[in-house]
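Undergrad: One structure, as structure tokens, below. Some questions next.
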Amino acid sequence: MTTFARRSMSVLRFRRCEVLTLSAEKQNRPIRWRRWLRLAFVVFVLLALVIVLSAERWMPYLYRWLDVTGPPVQADALIILGGGAARAERAAEIYSLVKPDFVILSGSVDGIALKSQILEAAGIPQNVVYTVAADTFGTYDEAVQILELLQQAGAASALIVTDGFHSRRAMATYRCLTRSSQQQIVLHITGSIPDDRFERWWESKHSCDTVLIEWVKLMYYTARYGVVCY
């Protein structure tokens, strides 16, 4: 066999070996990816089990984080946000403690009428009760009009009455608006009525819907209005 022939055969063997090696590597790649996918799936299942089994420990905090209400304090203005009648009932209870110069009602026409009756029945003079436009839509638009009224009245402090689950978004909205307008006013917020159902909110459809929708609204306010001022 000539030298040229031997060299040609060596080259052919080398190339054949190289092809076999590359082929083996290509066959191993899918196997490696499948292993990583299996590992990722196992980790995901384990995390899901941990989350589900420990739900009763961490789920209450989804509501507690939303609730930033505190005890009632004295203020120039007492603000009753649009919503359930319980907010007006709570405002009537704490009126003598807050000692406000005036009260602001907000909400729909029917809601304002009902709350006015609650305040009147509690002995609160109607000449200190003011209302904002009944066509307000949402907490942000409501806050814009209420803060304009507070500025016109020269109020230096205000106590907001709302439900606990709504309090963080409401307080963040008012603080962001006052900072952007450089309005000097001390804001406080208190809850309408204690509601123990929200400690286990996932067990009731009403409370579950309330908490989850509030989280969606909070994320929307953060994206839409930049409400991050709490």
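Undergrad: May I ask you to list the residues in the range 146-174 that are closer than 25 Å to Glu214 by Cβ, outside any helix (DSSP H, G or I) and not aliphatic (A, V, I, L, M)?
TA: Correct list: Thr162, Asp163.
Undergrad: Would you check if there is a residue in the range 128-136 being under 27 Å from Ser207 (Cα atoms), under 21 Å from the mean Cα position of the chain (by Cα), modelled with pLDDT under 90 and buried (at least 16 other Cβ atoms within 10 Å of the Cβ)? Step through it out loud before you land on a result.
TA: Restricting attention to the range 128-136, the residues satisfying the condition of being under 27 Å from Ser207 (Cα atoms) are 134-136.
Of the ones still in play, those that are also under 21 Å from the mean Cα position of the chain (by Cα) are 136.
With the extra rule that they be modelled with pLDDT under 90, the set shrinks to 136.
Of the ones still in play, those that are also buried (at least 16 other Cβ atoms within 10 Å of the Cβ) are 136.
For the range 128-136, residues under 27 Å from Ser207 (Cα atoms), under 21 Å from the mean Cα position of the chain (by Cα), modelled with pLDDT under 90 and buried (at least 16 other Cβ atoms within 10 Å of the Cβ): present.
Conditions tested, residue by residue: (1) touching a strand residue (DSSP E or B) at 6+ places or on another chain (Cβ under 9 Å); (2) in contact (Cβ under 8 Å) with a residue 24 or more places away in the chain; (3) part of a loop (DSSP other than H, G, I, E, B).
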site: Ala113; (1), (2), (3): no, no, no
site: Val144; (1), (2), (3): no, yes, no
site: Cys176; (1), (2), (3): no, yes, no
site: Gln183; (1), (2), (3): no, yes, yes
site: Leu187; (1), (2), (3): yes, yes, no
site: His206; (1), (2), (3): no, no, no
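Undergrad: Within the range 97-109, is there a residue that is over 29 Å from Trp201 (Cβ atoms), touching a Ser or Thr at 6+ places or on another chain (Cβ under 8 Å) and not basic (Lys, Arg)?
TA: Yes; the residues of the range 97-109 include at least one that is over 29 Å from Trp201 (Cβ atoms), touching a Ser or Thr at 6+ places or on another chain (Cβ under 8 Å) and not basic (Lys, Arg).
Undergrad: Something else: Out of the residues in the range 216-230 that are in contact with a helix residue (DSSP H, G or I) (Cβ under 7 Å, 6 or more places away or on another chain) and part of a helix (DSSP H, G or I), state the one that is farthest from Pro72 (Cα to Cα).
TA: Per the criteria, the residue is Tyr225.
Undergrad: For residues in the range 68-83 being surrounded by 16 or more Cβ atoms within 10 Å (Cβ to Cβ) and in a loop (DSSP other than H, G, I, E, B), which is farthest from the chain's Cα centre (by Cα)? Please lay out each step first, then the result.
TA: Within the range 68-83, the first condition is being surrounded by 16 or more Cβ atoms within 10 Å (Cβ to Cβ), and the residues that meet it are 68-69, 72, 75-83.
Now restrict to residues that are in a loop (DSSP other than H, G, I, E, B): 68-69, 72, 75-76, 81-83.
Details: Val68: 12, Thr69: 14, Pro72: 23, Ala75: 27, Asp76: 28, Leu81: 18, Gly82: 18, Gly83: 18 Å.
Top of the filtered list is Asp76.
Undergrad: Of the residues Tyr95, Tyr130, Tyr140, which single one is more than 30 Å from Ala223 (Cα to Cα) and touching a Phe, Trp or Tyr at 6+ places or on another chain (Cβ under 7 Å)?
TA: Numbers: Tyr95 fails: touching a Phe, Trp or Tyr at 6+ places or on another chain (Cβ under 7 Å); Tyr140 fails: more than 30 Å from Ala223 (Cα to Cα).
Checking each option against the conditions leaves just Tyr130.
Undergrad: Something else about it: Taking the stated definitions as given, is Ile94 surrounded by fewer than 20 Cβ atoms within 10 Å (Cβ to Cβ), part of a helix (DSSP H, G or I) and in contact with a strand residue (DSSP E or B) (Cβ under 6 Å, 6 or more places away or on another chain)? Show your work before the answer.
TA: Working: surrounded by fewer than 20 Cβ atoms within 10 Å (Cβ to Cβ): yes; part of a helix (DSSP H, G or I): yes; in contact with a strand residue (DSSP E or B) (Cβ under 6 Å, 6 or more places away or on another chain): no.
In short, no.
Undergrad: So how many residues does the range 185-230 have that are buried (at least 17 other Cβ atoms within 10 Å of the Cβ), at pLDDT below 90 and in contact with a Pro (Cβ under 9 Å, 6 or more places away or on another chain)?
TA: 2
The values are calculated or read from the model by the stated rules, or taken from the named source; none is laboratory data. Keep in mind that this is a model prediction, so the values were computed, not measured. Every residue, glycine among them, receives a Cβ derived from its backbone with ideal geometry; neighbour counts consider all protein chains shown.
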